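Visitor: The following block contains the structure, expressed as structure tokens.
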Amino acid sequence: MFSFDKASSEIREILDKPIRELGLKLEGSLLEKFVQRLYRELDRKGLKKFRPPCYLTDEWGCPSGEPVIGIPFYLADRKLSLLEKELNDLEDSRQIMMYLRHEAGHAINYAYGLYKTPEWKQLFGPYRRQYRDDYRPIAFSRSFVRHMEGWYAQKHPDEDFAETFAVWLTPGSKWREKYKGWPAMEKLLYVDRVAKQFGRVDPVRPRGRKDITVDDMEITVQQFYEALLSQQPSPGDLSLDAELQDIFKSPHHRTNAVRPAAELLRENRKPLVDKLTYWTGVQRPLARKLVESIESRARELNLLANVKREREYLTEVTVYATALAMNYIIRGKFVQR
């Protein structure tokens, strides 16, 4: 578990600073190249007039109905990125572009008012449908594309459109081949047709209203992360001992080719969380808590991993965590009592 008191000196020096006083700017930061890459992708797809403004805020997203893209502030600063990596698994370059393409889908929907049209409603559903964070997706449904982790297109009609747009926009996605014969193809063809229709048309709403920006954030860096951590879900009381002891069995003979199982799990935490979230649909914070619980219990039990069997261990842990996650999706709990 991360401790602010034990953070590195360069991280500690920013913890007490109000976020608004950090001088964070998108322009000139490492993020700027990703935004420019998004704009180039839009241009190559024939969208000559659509350039959604981007700004730094507290999380990824477009304010509802507003054609602007909010990007997490921690991605604009190296020290903040180090802190985020410790706490929440920092996005890599691939994931940053995935999020940008997804949010661009929301932005173009709002910029041209597509969600108001009968065809959009017929394909994606009512825009005013209530959002639910605890939605239970139908795994492997061919009526929806796959872009972001989980089965995110199934969360809401607006997310369905944003995911569809992102797949269409992604270079090399080969969506015509991948989704051939899927009901989702009709949605992709709609996006392709709309892009041609509005490619050289000015947006109805070229600029939108931003919600909270970094200049509005008076809380300190530590206060921000403490609040964020307090809101993260808990996997509950998990009984993991029997399964973990079965996975990391003690060697039958003495060997020096071992290391702590928790160390192996810590090194592979992010890919484990990535795949668990992508294939099961469990929300990322909860998936991370589950993987951390497995890692923590392995440490408490002093379990060892034979270095020659590490791939086997990771396969077993992945399957085990997936089974727990699917239990949660279906029954609302990782473990049934």
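Visitor: Which entries of LYS49/LYS178; LYS187/LYS333; LYS33/LYS116; LYS155/LYS178; LYS85/LYS289; LYS85/LYS275 have Cα-Cα distances beyond 26 Å here?
Guide: From the list (LYS49/LYS178; LYS187/LYS333; LYS33/LYS116; LYS155/LYS178; LYS85/LYS289; LYS85/LYS275), the Cα-Cα distance tops 26 Å for LYS49/LYS178; LYS187/LYS333; LYS33/LYS116.
Visitor: Further question on the same structure: Within 10 Å, count the other beta carbons around each residue, average over each peptide in 136-146, 290-300, and list them highest first. Numbers along the way, then the final one.
Guide: Details: 136-146: 15.2, 290-300: 20.2.
Sorting 136-146, 290-300 by mean packing, highest first, produces 290-300, 136-146.
Visitor: As an exercise, use a Förster radius of 35 Å and the Cβ-Cβ distance of GLU27 and SER141 to find the FRET efficiency, rounded to the nearest 0.05.
Guide: Working: r = 41 Å, r/R0 = 1.16.
Computed FRET efficiency for GLU27 and SER141: 0.30.
Visitor: In the chain, what % of DSSP beta bridges are antiparallel (nearest 5)?
Guide: So the antiparallel bridges in the chain amount to around 55 percent.
Visitor: Can you compute the charge dipole magnitude of the chain about its Cα centre, using +1 on each Lys and Arg Cβ and -1 on each Asp and Glu Cβ, nothing else charged? Give it in debye, rounded to the nearest 20.
Guide: 1540 debye
Visitor: In whole angstrom, how far apart do the alpha carbon centroids of the range 100-174 and the range 193-234 sit?
Guide: 17 Å
Visitor: Taking 8 Å as the Cα distance limit and 6 or more residues as the minimum spacing, I'd like the relative contact order of the range 4-214 as a percentage.
Guide: 27 percent
Visitor: Now for a different question. Per residue and in cubic angstrom, what volume does the convex hull of the Cα atoms of the range 234-331 have?
Guide: Dividing the Cα hull volume of the range 234-331 by its residue count gives 89 Å³.
Visitor: Ok, one more. With +1 on each Lys and Arg Cβ and -1 on each Asp and Glu Cβ, and nothing else charged, work out how big the dipole of the range 234-331 is about its Cα centre, in Debye to the nearest 20.
Guide: 240 debye
Visitor: Still on this structure, I have one more. Regarding the range 6-128, what's the average projected area of the Cα-atom convex hull, expressed in nm²?
Guide: Over every viewing direction, the Cα hull of the range 6-128 projects on average to 9.2 nm².
Visitor: Averaging the inverse of every distinct alpha carbon separation and then flipping it gives the Kirkwood radius. What is it for the chain, in angstrom units? Walk me through the intermediate numbers first.
Guide: On the way: mean 1/r = 0.0454 Å⁻¹.
The answer is 22.0 Å.
Visitor: For every helix of n ≥ 4 consecutive DSSP H residues, a contribution of -39,500 (n - 2.57) applies; sum these over the chain, divide by its total residues, and give [θ] at 222 nm rounded to the nearest 500 deg cm²/dmol.
Guide: Helix-only estimate at 222 nm: -15000 deg cm²/dmol.
Visitor: What FRET efficiency comes out for the pair ARG129/LYS48, r = Cβ-Cβ distance, R0 = 41 Å, nearest 0.05?
Guide: Working: r = 32 Å, r/R0 = 0.78.
Plugging the Cβ-Cβ distance into 1/(1 + (r/R0)^6) gives 0.80.
Computed from the coordinates by the stated procedures, all read-outs in this text should not be read as laboratory data. The structure displayed is predicted, hence computed values, not measured ones. Methodologically, a virtual Cβ is constructed for each residue, glycine included, from the backbone with ideal geometry; neighbour enumeration extends over all protein chains shown.
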